[in-house]
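Let me begin by presenting the structure, written as structure tokens, before commenting on it.
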Amino acid sequence: MAACSAAASEMLHNMKKQISLLYPKASCVIRRISTSCLRCDSQRQVRAQSAPQQLVGVVGLEIHAQINSNTKLFSGSAVCFSAPPNSLVSSFDASLPGTLPVLNKRCVEAAVMTGLALNCTINKKSLFDRKHYFYADLPAGYQITQQRQPIAVDGTLTYSLLGGKKRNQVIRKNVTIKQIQLEQDSGKSLHDDLHSQTLIDLNRAGVGLMELVMEPDMSCGEEAAAAVRELQLILQALGTCQGNMSEGQLRVDANVSVHKPGEPLGVRAEVKNINSVRYLAKAIDFEIQRQIDVLQRGGTVQNETRAYDSKSGETIPMRDKEGLQDYRFMPEPNLPPLIVYEDNTSLPAGVDASQAVVVQKIREGLPELPSVKRDRLVQTYNILPEHSFTLVNEDGLVEHFEAVLRATKKEPRKVIGWVTNELLGHLKQQDMSVSQSPISPSALAELLELQETGHISSSAAKQVFQEMWASPGKTASQIIQEKELGLVSDASHLHNICQKVVDSHPDEVQAIRNGNKRVLNKLMGLVQKETKGRADPVLVRKILEEKTS
């Protein structure tokens, strides 16, 4: 039906062109016919979308994580994101004849640590291969990688989603890590449209990468985005990858297909080089719906490589993958097998322990991982799960929160609001990191302690916070004194203000006496307005209850 509709639309389009040339006034008739055809097509699409969804998405990911190392994987060239083009290129990086690779121990340790954090089996012996393909920014004509026997296999990444009606229920899911392999990055092509030429920058050539291959265990963009965000936090906690996607330190390829549950997986399309968690979710969801639409129209999904256009929100075709590319994998002749050892007792005689990669030593140095940290925060401080996500997702925010708690007697569930709403809100508004906050943990703790001990009201505390943010050198006590924001607790003074409010609002007083106790809050608000938010709320409520009883 879709094919007939497309043919009819094309025929009407051609008729319109011919008739408009011969009979200009008749074009309006053709326009009405075309519009009605399009309306029918849209109605069919609405009916298809409203029908029960039989096809479901299947998502697997391939992630390239740039190893946090001062030098490249096989050479001593420095690694720096913003260096001038071709300023960090050794003879080996440029593939000059006679140069040989020297493996970077730091990169091996980073891969082992990442594998351990993801519950992988660490292969005590792994191999390097040459993967041949031609690309302008790959000077050797091959990439050194680990295809046959990578350094780590068979892992699991546990990630969490917030679900439920209020998005406050933690849903845990797992995705299988097929393998983690070490490999070198390629250079970068710089396209100069003005001069119609392409320039090559080899600064990135040879930079160490970990490629993490995930099995197709996810079903939508939200799950994939949550998995990548969790991986990003893990890598940052380990220090094995800085995970800055805007600088290309974490690049994601998504393999997307659709099928009916219980049937074989469908033909997959690969969406390449997605550099944002938010774009990843959008790209996958669009691609799933695109493939469903193609199949529902009677078409066939092509095995192809696609790119995500963030402006249109669509994936666009780049090249087809129908023909199997022969990479001509072969063992890397210039690198021996990579051997790592379980512990010092397994080191062969004559092997220098300082030069060997020892798994047990790396395992003992693993830091607290994000999932463990979230659980600890909820259990220790009795905060909500969604608050633990907010704390862990922002670099340095957990440490800031716990430092405030150590310096104040205020309950954690009261402190969390100040940290996640006031502090984080101001940081986001000015695009600042936690480390750049003008209000230190001790300064915030002082402010909260003054509020807790009844020196200022909650509204006045927010005014003081604003002043502290604008004037980092001033303490909360100084601002309270200068701005006269201290709590008014003089009973006689408050009695006079409350009496004035009661006398001027007889209807509200009568409503309270008739049993509508909620109206009392209005009177309290009027008293606070008279005192500019400085009145002791407990004392005000007690006085008003006496005067309206």
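General remarks:
- Residues in the stretch 289-305 that are open to solvent by less than 20 Å² (accessible area, probe 1.4 Å), under 17 Å from S219 (Cβ atoms) and either part of a helix (DSSP H, G or I) or out of contact with any helix residue (DSSP H, G or I) (no Cβ under 8 Å at 6 or more places or on another chain) (or both): Q291, I292.
- K428 under 30 Å from S477 (Cβ atoms), open to solvent by 60 Å² or more (accessible area, probe 1.4 Å) and either touching a helix residue (DSSP H, G or I) at 6+ places or on another chain (Cβ under 9 Å) or not in a helix (DSSP H, G or I) (or both): no
- Some residue of the stretch 365-378 being within 22 Å of T475 (Cβ to Cβ), without any contact (Cβ under 8 Å) to a residue 12 or more places away in the chain and either touching a strand residue (DSSP E or B) at 6+ places or on another chain (Cβ under 7 Å) or assigned to a helix (DSSP H, G or I) (or both): no
- Every residue from the stretch 306-329 that is part of a strand (DSSP E or B) and under 22 Å from the mean Cα position of the chain (by Cα): R306, A307, Y308, D309, E314, T315
- Candidate set: the stretch 505-528, residues that are of a type in the set (S, T, N, Q) and not in a loop (DSSP other than H, G, I, E, B); chosen: the one farthest from S459 (Cα to Cα): Q510
- Scanning the stretch 485-501 for residues that are free of Cβ contacts under 8 Å to residues at least 24 places away in the same chain and among the charged types (D, E, K, R) yields one hit, D490.
Table: residues versus (1) crowded, with 18+ Cβ neighbours inside 10 Å; (2) over 17 Å from E270 (Cβ atoms); (3) touching a strand residue (DSSP E or B) at 6+ places or on another chain (Cβ under 8 Å).
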position	(1), (2), (3)
S189	no, yes, yes
I200	no, yes, yes
V213	yes, no, yes
A226	yes, yes, yes
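- Search result, residues across the stretch 60-100 that are among the polar types (S, T, N, Q) and over 30 Å from A281 (Cα atoms): N70, T71, S75, S77, N86, S87, S90, S91, S95, T99
- Residue in the stretch 399-406 that is of a type in the set (V, I, T), in a helix (DSSP H, G or I) and within 18 Å of the chain's Cα centre (by Cα) present: no
- S276 under 18 Å from E62 (Cβ atoms), at pLDDT below 95, open to solvent by 10 Å² or more (accessible area, probe 1.4 Å) and among the small types (G, A, S): yes
- Test for T114: is it open to solvent by 50 Å² or more (accessible area, probe 1.4 Å), under 22 Å from the mean Cα position of the chain (by Cα), modelled with pLDDT of 95 or more and of a type in the set (S, T, N, Q): no
- Positions within the stretch 445-502 being within 35 Å of the chain's Cα centre (by Cα), farther than 21 Å from A407 by Cβ and open to solvent by less than 60 Å² (accessible area, probe 1.4 Å), in sequence order: S459
- Selection count, the stretch 111-141, where residues are among the basic types (K, R) and in a loop (DSSP other than H, G, I, E, B): 1
- Of the residues making up the stretch 413-423, not a single one is open to solvent by 20 Å² or more (accessible area, probe 1.4 Å), touching a residue at least 60 places away in the same chain (Cβ under 8 Å) and either over 26 Å from S489 (Cβ atoms) or not in a helix (DSSP H, G or I) (or both).
- Lone qualifier among G262, G243 - being surrounded by fewer than 17 Cβ atoms within 10 Å (Cβ to Cβ) and not aliphatic (A, V, I, L, M): G262
- Taking residues in the stretch 145-162 that are under 20 Å from R106 (Cα atoms) and open to solvent by less than 30 Å² (accessible area, probe 1.4 Å), and partners anywhere that are acidic (D, E) and not in a loop (DSSP other than H, G, I, E, B), the pairs with Cβ atoms closer than 6 Å and at least 6 places apart or on different chains are T145/D129; T145/E183.
- Here the stretch 503-547 is the region considered, the condition is being at pLDDT below 85 and among the polar types (S, T, N, Q), and the residue that is nearest to the chain's Cα centre (by Cα) is Q528.
- Of all residues in the stretch 322-357 being in contact (Cβ under 8 Å) with a residue 40 or more places away in the chain and surrounded by 15 or more Cβ atoms within 10 Å (Cβ to Cβ), the one that is nearest to C107 (Cα to Cα): V357
The values are calculated or read from the model by the stated rules, or taken from the named source; none is laboratory data. All values reported here derive from a predicted model rather than from experimental measurement. Here the Cβ is made from the backbone with ideal geometry for all residues, glycine too, and neighbour counts use every protein chain on show. The accessibility values were calculated without ligands, DNA or RNA, using every heavy atom of the protein model including side chains. Shrake-Rupley method; radii C 1.70, N 1.55, O 1.52, S 1.80 Å.
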